[in-house]
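The block underneath contains the structure these notes are about, expressed in structure tokens.
The values are calculated or read from the model by the stated rules, or taken from the named source; none is laboratory data. Computed from a predicted model, the values in this text were never measured in an experiment. Here the Cβ is made from the backbone with ideal geometry for all residues, glycine too, and neighbour counts use every protein chain on show. Side chains are part of the model used for accessible areas, which takes the heavy atoms of the whole protein and leaves out ligands, DNA and RNA. Shrake-Rupley method; radii C 1.70, N 1.55, O 1.52, S 1.80 Å.
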Amino acid sequence: MQARIQKLAPNVINQIAAGEVIERPASVIKELLENSLDAKARHIQVDIGKGGKQLIRVTDDGVGIAADDLPLAVAAHATSKIVQFEDLTEVASLGFRGEALASISSVSRFTLASCQAGAEAGWQIVCHHDGSPLTPQPAAHPVGTSVTVEELFFNTPVRRKFLRMDKTEFSHVEEVVKRLAISHFDVGFKLTHDKRVIWQVHPASTMAEQQARVRQLLGKTFVEQATYFDIERLGMRLWGWVGSPDYFRSQSDQQYFYLNQRLVKDKLINHAIRQVYAELLYPGRHAAYVLFLTMPRAWVDVNVHPTKTEVRFQQSRLIHDFLVGSLGHVLHEPAASPQQVMEAVTNSPTERQTDDQASMEQRMDKPVTVDERQLALATMESSTLSPATRPPPLYVKQPQAAYTTAKASNTPAGRAIAQIARRFIVTQMDDDLLVYDYAKGKAWLTCRQLQRAYAENTIKTRPLLVPVTVEATTDVLDNFSRFASHWSKLGWQVELSGQEQLLLRDIPICLGQADVAAVFKQIIAYLTTHDEVDMDALLQTMARHSVVLQPLSVIAMNDFLTELTRETTDTAELERQGILRRLTEPMLQQYFTQDD
Ligand SMILES: Nc1ncnc2c1ncn2[C@@H]1O[C@H](COP(=O)(O)OP(=O)(O)OP(=O)(O)O)[C@@H](O)[C@H]1O
Ligand SMILES: [Mg+2]
């Protein structure tokens with residue numbers, strides 16, 4: 001016979017709730033740090049014992065909790081952060097559910113001590129797990145709060161069994177502290193493990209201090225290659241550091257995205273960022289970035305998931321486009337005016353000689369700023385505006401390419417001298433120095449060829465040895481069918497396999513080395529957002545993806561230059577397309593005589 005229904009005891013309810021949010025020591029740390037930050041702490045210390053299994057203590061100098069409120073702080077559904085349902089539409093704090101401490105205290109030996117400014121003494125409560133009333137006891141405590149969590153999951157052995165080695169648990173804890181330290185520059189953090197100080201960062205108010213913090217936590221290499229930028233538009237601001245495509249990672253461990261200072265994991269945001277990097281990174285490589293997006297709080301619903309890392313946007317399309325436009329502008333725009341090339345050249349030797357801090361400040365004095373008009377112009381490939389303060393590119397001399405001018409032939413586009421950063425081709429024509437963007441140039445050439453072939457219905461295809469599978473969501477299916485008559489004309493043979501999969505069988509030959517699933521999805525994404533299909537836009541997408549950046553021999557460079565000149569002998573056209581930049585001899589003269 002089925003048991004009778006009864007109400008669960010509060011402690012059991014809390015333990016069940018803890019199951020959702022408290023997975024491991026790192027999740028406790030996230031909740032406790034968020035509380036300290038909500039309490040306006042300026043200094044927070046995190047002490048960990050045995051990876052957090054034995055001890056987790058967070059001490060802050062925030063506003064503290066009144067003695068009488070201590071029992072409420074650990075009660076479920078008790079919070080000081082919202083009062084009524086409507087407040088959820090404009091949550092200003094990181095926490096708002098009034099559940100974290102109740103959950104944590106139900107699965108650990110828990111002590112909460114606090115003191116408010118002006119109070120005579122501090123008070124603390126210890127949670128017993130036996131249902132006995134929580135009575136605050138006087139305790140010596142400076143203004144602020146400390147929460148001590150010992151023996152996490154001592155009463156939920158199943159959970160405890162899932163914990164990994166101390167070292168692993170600690171690395172998760174450290175990652176959480178790091179992630180919050182990056183989003184709260186004005187707060188100092190200190191992290192200790194088994195009584196050893198692991199790292200400490202002081203409150204950072206100036207931009208240089210903030211960048212120094214990013215450098216300390218993410219490493220020197222990240223900061224040196226990243227571009228700092230700041231874009232504000234339509235009530236939104238996006239700023240931070242984007243890693244250059246040359247600095248890719250084999251995993252997504254350096255991807256920090258904050259929405260209104262909250263660390264979020266959101267599909268829409270990830271999609272937008274991936275879309276921008278898609279053409280710049282090989283499949284399987286991951287970008288690195290620290291990005292802060294701020295927007296009016298009412299535009300976002302943060303009450304989506306108990307861990308509060310998922311969000312829902314009111315205007316997702318607008319946000320997606322803003323991200324793609326802004327990041328695309330910063331990342332895809334290698335073309336600089338000759339003046340800007342000169343600046344970069346002027347800056348680069350000095351930057352390399354000065355110490356890192358000075359060069360950082362120099363770079364940060366002039367963040368890339370893009371006004372509204374510029375942003376409207378900024379598309380994935382067409383803007384001629386440039387992030388003038390992009391750090392000088394890595395000058396990689398390819399063994400095949402460098403200093404082999406003796407053998408090099410002349411082309412009307414100049415004589416290839418060197419390839420830089422797998423992307424730029426430097427040539428000499430008479431007394432001028434020319435720099436070609438191979439990525440843009442090759443994409444432009446391929447696009448022209450595709451346009452001609454499309455008009456004649458002769459886009460070449462090639463079968464895939466092993467068909468590539470793409471998950472067919474309703475969205476994908478709808479748009480796939482809507483476009484049914486066009487796929488083969490574009491060089492694709494795609495078929496439905498069962499209910500949930502599409503098989504890519506033949507692909508346009510130019511995409512031989514591309515991530516074809518990504519290109520296909522990008523076409524679908526385009527169809528999803530456009531009622532009227534502009535074939536040129538699709539051909540451009542395919543052309544962009546067809547480009548492979550790799551070391552080129554001098555012969556290959558000259559072949560490319562010959563191909564360009566066959567397409568057009570009008571170098572002004574190439575300059576307009578952002579494919580070519582020219583440093584004339586008078587410009588070089590002027591540059592060097594300035595130093596006399
Ligand atoms: N470090 C702290 N300093 C000051 N007050 C605190 C601190 N930690 C907790 N509190 C108080 O205790 C209350 C309960 O904290 P708890 O984390 O359980 O809930 P919350 O932060 O309101 O919401 P959430 O469950 O989303 O985190 C908070 O609303 C706050 O008033
Ligand atoms: Mg909280």
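Structural remarks
- Every pair of residues 6+ apart whose Cβ atoms lie under 8 Å, when the first sits in the stretch 299-314 and is of a type in the set (G, A, S) while the second is surrounded by fewer than 16 Cβ atoms within 10 Å (Cβ to Cβ): none
- Filter result (of a type in the set (G, A, S) and either open to solvent by 30 Å² or more (accessible area, probe 1.4 Å) or touching a His at 6+ places or on another chain (Cβ under 9 Å) (or both)) within the stretch 239-282: S250, S252, A272, A278
- Hits in the stretch 536-545 (condition: open to solvent by less than 50 Å² (accessible area, probe 1.4 Å) and out of contact with any Leu (no Cβ under 9 Å at 6 or more places or on another chain)): A537, T541, R544
- S205 being closer than 20 Å to A41 by Cα, part of a strand (DSSP E or B), open to solvent by 10 Å² or more (accessible area, probe 1.4 Å) and among the polar types (S, T, N, Q): no
- Residue check, L94 within 30 Å of the chain's Cα centre (by Cα), of a type in the set (A, V, I, L, M, F, W, C) and more than 12 Å from ligand 2 (Cβ to nearest atom): no
- Single match in V533, V554, V548 (criterion: open to solvent by 40 Å² or more (accessible area, probe 1.4 Å), touching a residue at least 12 places away in the same chain (Cβ under 8 Å) and not aromatic (F, W, Y)): V533
- Close pairs (9 angstrom Cβ cut-off, 6 or more residues apart or separate chains): in contact (Cβ under 8 Å) with a residue 40 or more places away in the chain and under 14 Å from I56 (Cα atoms) in the stretch 175-204, part of a helix (DSSP H, G or I) and among the hydroxyl-bearing types (S, T, Y) anywhere: V176/S27
- Pairs meeting the criteria (first residue in the stretch 92-107 and in contact (Cβ under 8 Å) with a residue 24 or more places away in the chain, second residue near ligand 2 (Cβ under 10 Å from one of its atoms) and among the acidic types (D, E), beta carbons under 6 Å, at least 6 apart or on different chains) are S93/D38; L94/E34; L94/D38; G95/E34; G95/D38; A100/E31.
- Applying the condition of being within 15 Å of ligand 1 (Cβ to nearest atom) and open to solvent by less than 10 Å² (accessible area, probe 1.4 Å) to the stretch 1-25 and asking which residue is farthest from I182 (Cα to Cα) yields A18.
- Scanning the stretch 35-86 for residues being within 15 Å of ligand 2 (Cβ to nearest atom), out of contact with any strand residue (DSSP E or B) (no Cβ under 9 Å at 6 or more places or on another chain) and open to solvent by less than 60 Å² (accessible area, probe 1.4 Å) gives a total of 6.
- Taking the stretch 219-238 as the range and being among the hydrophobic types (A, V, I, L, M, F, W, C) and surrounded by fewer than 19 Cβ atoms within 10 Å (Cβ to Cβ) as the test, the residues that pass are L234, M236.
- Hits in the stretch 97-117 - residues which are within 28 Å of F154 (Cα to Cα) and more than 15 Å from ligand 2 (Cβ to nearest atom): V107, S108, R109, T111, A113
- Within the stretch 482-568, helices (runs of 4 or more DSSP H) holding 3 or more residues that are of a type outside the set (A, V, I, L, M) and at pLDDT 90 or above: 516-529, 535-546
- Screening R505, R462 for residues that are open to solvent by 70 Å² or more (accessible area, probe 1.4 Å), farther than 29 Å from A413 by Cβ and in contact with a helix residue (DSSP H, G or I) (Cβ under 8 Å, 6 or more places away or on another chain) leaves exactly one candidate, R462.
- Whichever residue in the stretch 164-179 is touching a His at 6+ places or on another chain (Cβ under 9 Å) and not charged (D, E, K, R) and, among such residues, is most open to solvent (accessible area, probe 1.4 Å): F170
- Checked across the stretch 290-300, the condition of being under 10 Å from the mean Cα position of the chain (by Cα) and surrounded by fewer than 21 Cβ atoms within 10 Å (Cβ to Cβ) holds for at least one residue.
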